[in-house]
Ligand SMILES: [Mn+2]
């Protein structure tokens, strides 16, 4: 039996996308989050004593690995070395090995996979074999999996792969467990043979909501058990809340505060995109009489002294009224709902061509479902006014 931690996509030092207008404290929480996630993983490993740790690509955010990120990883490696925990590292599309950076040397408990597919043997359970490779460039030209050797049934064989592979391809090679990297959502892909993405331990985008972590894996010959360990020190959440009872501004404040309190029970720190639903016409008028910026200012102020830290990143309201009053208005709404991703790209093309707008869009990627809802409401309100 072997037990190991399957980690990928640490993206240490990655800037957070999709939030603006942060307080100094919120900014610090964000900046520290990827570093803190790694520290927590190291702590978990020291407490749990797995046989080894796998880091499957995108450990760094860019091919020019930041000094701070390298230092953090290096310090974690040394702590793990002091506890005799080997670390096997491969690099992916974001931290490919052809980049130029000022190198740190790693302690000798760390094995870095070269760009050529390689199998190493760890002296556990009669020899556990681990096969993997690193990306030399952001894109690898051929199907990487083809370079992985077929394996015997004598040992426990583990593959590390940054990318995708089909069940059929997995079956053809015979690995007991395939540790996948390059996707930020944790999921088991196939059970027989077993393959899974651990996902990123720390989301760095407003579009990556909910718990993030890694997999604690136990492999015996013929059987795998994975346990998802949520570890993200900061989560991004989208919460919808029934706001049908709201009449006055203080009602809204109580409602928002209750949401924040509920989140505090569950997470260490959170950014929240709050959507008020079922507003009555009266409630809607109340919401729209003040700008989102102004609401947020007051609501954030209310939460600023409370721990764990909850930051209201965005707030919007979904009103029951108004409804489309004419057939033409109904048609406009239906047309918008029929748009596919390509159509949205076409509609938004001029935004992306504008220098300032496109720079902002890189920081804050567009979430089409929110955009659709906001566009619909804006359109209907304007129709009603005119
Ligand atoms: Mn990644």
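The values are calculated or read from the model by the stated rules, or taken from the named source; none is laboratory data. What you see is a predicted model, and the numbers here were worked out from it, not measured in a lab. Here the Cβ is made from the backbone with ideal geometry for all residues, glycine too, and neighbour counts use every protein chain on show.
Summary table below
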quantity: Residues that are within 16 Å of the ligand (Cβ to nearest atom), within 30 Å of residue 125 (Cα to Cα) and assigned to a loop (DSSP other than H, G, I, E, B), drawn from the range 43-85; calculated: 57, 58, 59
quantity: Residue that is nearest to the chain's Cα centre (by Cα) [pool: residues in the range 148-166 that are exposed (fewer than 13 other Cβ atoms within 10 Å of the Cβ) and at pLDDT below 95]; calculated: 166
quantity: Flag for residue 384 being surrounded by 13 or more Cβ atoms within 10 Å (Cβ to Cβ) and touching a residue at least 12 places away in the same chain (Cβ under 8 Å); calculated: yes
quantity: Residue identified as out of contact with any helix residue (DSSP H, G or I) (no Cβ under 9 Å at 6 or more places or on another chain) and modelled with pLDDT of 90 or more among 85, 120; calculated: 120
quantity: Some residue of the range 309-328 being exposed (fewer than 12 other Cβ atoms within 10 Å of the Cβ) and closer than 17 Å to residue 261 by Cα; calculated: no
quantity: All positions within the range 92-111 that are in a strand (DSSP E or B) and closer than 16 Å to residue 180 by Cα; calculated: none
quantity: Test result for residue 130, more than 16 Å from the ligand (Cβ to nearest atom) and in a strand (DSSP E or B); calculated: yes
quantity: Tally, over the range 4-28, of residues that are away from the ligand (no atom under 16 Å from the Cβ) and closer than 30 Å to residue 217 by Cβ; calculated: 2
quantity: Considering residues of the range 168-194 that are outside any loop (DSSP other than H, G, I, E, B) and closer than 16 Å to residue 150 by Cβ only, the residue nearest to the ligand (Cβ to nearest atom); calculated: 178
quantity: Lone unmet requirement of (1) under 23 Å from residue 242 (Cβ atoms); (2) in contact (Cβ under 8 Å) with a residue 24 or more places away in the chain for residue 341; calculated: (1)
